[in-house]
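The values are calculated or read from the model by the stated rules, or taken from the named source; none is laboratory data. Because the structure is a prediction, the values reported are computed rather than measured. Every residue, glycine among them, receives a Cβ derived from its backbone with ideal geometry; neighbour counts consider all protein chains shown.
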Amino acid sequence: MNLHEYQGKELLKSYGVKIQEGILCHTPDEVFEAANRLRTERNSEGCVVKAQVHAGGRGKGGGVKFAPTPEKAREKGQDILGMMLVTPQTSAAGKLVRKVLVCEDAYIPGASDPKEFYISVLMDRAKKCDVIIYSTEGGMDIEKVAEETPHLVHKEWIDPLLGLRPFQVNKICFNLGLSGTAFKEMSAFVTSLYKAYVASDASLFEINPCLKTSSDTIIAVDAKVSIDDNALFRHPDLEAQRDKDEEDPTEVIASEADLNYVKLDGNVGCMVNGAGLAMATMDMIQLSGGEPANFLDVGGTANAERVEKAFNIILSDPNVKAILVNIFGGIVRCDRVAQGVIDAYNNIGAINVPIIVRLQGTNADIAKKMIDESGLKVYSAIELKEAAELVKKVLS
Ligand code: GDP
Ligand code: MN
């Protein structure tokens with residue numbers, strides 16, 4: 001589950017990580033008020049208006065704007081709120097901006113120049129431990145830095161039993177070229193950041209930029225936070241922050257029905273039990289000249305109710321020209337699944353796309369007979385090859 005920047009920053013702050021302070025706003029008038037408050041309470045003359053959507057690269061898409069006065073901030077708020085923000089990480093249509101975070105200006109020149117760093121924490125699957133990735137070249141082009149000057153991106157792996165050790169923290173601060181107050185500040189920042197990452201069962205913390213201000217304070221200016229879905233039951237406070245507006249609506253319906261569904265761009269819907277079989281089915285669709293419209297794993301209990309829900313989800317995609325049901329009846333008997341398909345078909349009514357059902361396993365022959373005799377516009381197959389031929393036939 002992804003958090004918005006404002007939620008991620010609050011989470012960091014609760015673990016003692018210093019952040020660029022901000023106020024969440026939903027209207028241009030609220031933006032004006034917030035800018036005024038940051039002036040009086042935080043002594044920040046200008047402010048930054050930042051679109052809150054689940055996508056990075058907002059600055060490049062015009063979703064992060066500096067405003068020297070509260071009046072200007074209101075104008076920026078007007079521009080950004082309600083816009084379809086297109087960034088390198090969104091679709092071409094972009095994402096609707098429903099709220100903005102109005103932040104104090106953290107880049108005020110002073111005793112020393114502000115400097116942007118990059119710091120992230122994530123799991124290194126190959127090394128089976130967490131890794132802190134960091135660089136002196138923070139800001140909006142870290143992907144380019146990683147590609148063109150990879151020696152400027154450092155990694156520190158963390159032993160899961162020993163945790164992050166002080167010498168590792170020192171090494172990070174040293175490699176970032178810090179000394180004095182900024183060194184101490186960065187030590188505290190990295191230590192608290194890793195503590196927050198572990199305690200919240202996160203799968204990603206990306207702080208870019210992490211800023212050294214002109215007074216040598218280290219703060220998080222941006223925060224991209226993902227929490228491991230499998231651990232959400234331990235964090236009801238975080239789960240409550242889930243913003244379903246940011247997620248694909250059919251994927252939300254599917255996850256509520258406990259179906260593993262990922263929408264894709266093709267024309268053949270698939271309903272399969274088991275992730276491995278689902279992948280193989282998608283390959284087979286591709287080989288027979290179609291493109292999978294989705295990944296959908298109905299799981300072990302492919303009963304009528306789940307089959308019906310799955311049909312509804314697949315059919316809500318207007319690109320779907322055919323549906324391939326590929327179910328292996330191991331624990332669940334094929335005749336039960338066939339009855340589920342027939343019931344779902346009758347309940348939904350008016351299904352205009354051809355459905356190819358391939359049931360293999362216990363009672364597969366009975367299942368095929370039931371479907372063939374149901375009088376519905378459903379093609380049945382037992383062999384995968386037959387099913388592939390049918391897909392090809394109905395698409396042509
Ligand atoms: P992203 O583009 O989605 O990663 O959004 P960020 O939160 O990283 O903001 C983008 C850029 O806005 C940063 O890299 C900064 O250059 C700039 N920015 C953010 N906060 C401030 C600020 O307080 N003052 C100024 N002048 N620029 C800021
Ligand atoms: Mn950023």
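So the values come out like this:
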| quantity | calculated |
| --- | --- |
| Residue 218 vs. criteria in contact with a helix residue (DSSP H, G or I) (Cβ under 9 Å, 6 or more places away or on another chain), closer than 16 Å to residue 156 by Cβ, within 16 Å of ligand 1 (Cβ to nearest atom) and aliphatic (A, V, I, L, M) | no |
| One residue from 182, 199 being outside the structural domain of residue 47 (by TED's automatic domain parsing), crowded, with 19+ Cβ neighbours inside 10 Å and at pLDDT 95 or above | 182 |
| Per-region count, segment 120-154, residues within 16 Å of ligand 1 (Cβ to nearest atom), out of contact with any helix residue (DSSP H, G or I) (no Cβ under 7 Å at 6 or more places or on another chain) and not small (Gly, Ala, Ser) | 6 |
| Odd one out for residue 146 among (1) within 26 Å of residue 106 (Cα to Cα); (2) without any contact (Cβ under 8 Å) to a residue 12 or more places away in the chain; (3) away from ligand 2 (no atom under 16 Å from the Cβ); (4) not polar (S, T, N, Q) | (3) |
| Qualifying strands (runs of 3 or more DSSP E) (wholly inside segment 289-364; at least 2 residues being among the aliphatic types (A, V, I, L, M) and either within 23 Å of residue 383 (Cβ to Cβ) or in contact (Cβ under 8 Å) with a residue 60 or more places away in the chain (or both)) | 322-329, 355-361 |
| Considering residues of segment 34-67 that are outside any loop (DSSP other than H, G, I, E, B) and without any contact (Cβ under 8 Å) to a residue 24 or more places away in the chain only, the residue nearest to ligand 2 (Cβ to nearest atom) | 64 |
| Selection count, segment 1-33, where residues are buried (at least 18 other Cβ atoms within 10 Å of the Cβ), among the charged types (D, E, K, R) and away from ligand 2 (no atom under 16 Å from the Cβ) | 2 |
| Identity of the residue in segment 216-233, within 14 Å of ligand 2 (Cβ to nearest atom) and part of a strand (DSSP E or B), that ends up surrounded by the fewest Cβ atoms within 10 Å (Cβ to Cβ) | 224 |
| Segment 136-159, subset in contact with a Leu (Cβ under 8 Å, 6 or more places away or on another chain) and of a type in the set (A, V, I, L, M), residue surrounded by the most Cβ atoms within 10 Å (Cβ to Cβ) | 158 |
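Results for (1) closer than 14 Å to residue 22 by Cα; (2) within 12 Å of ligand 1 (Cβ to nearest atom); (3) in the same structural domain as residue 7 (by TED's automatic domain parsing); (4) polar (S, T, N, Q), shown as yes or no for each residue.
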position	(1), (2), (3), (4)
51	yes, yes, no, no
57	no, yes, no, no
71	no, no, no, no
78	no, no, no, yes
87	no, yes, no, yes
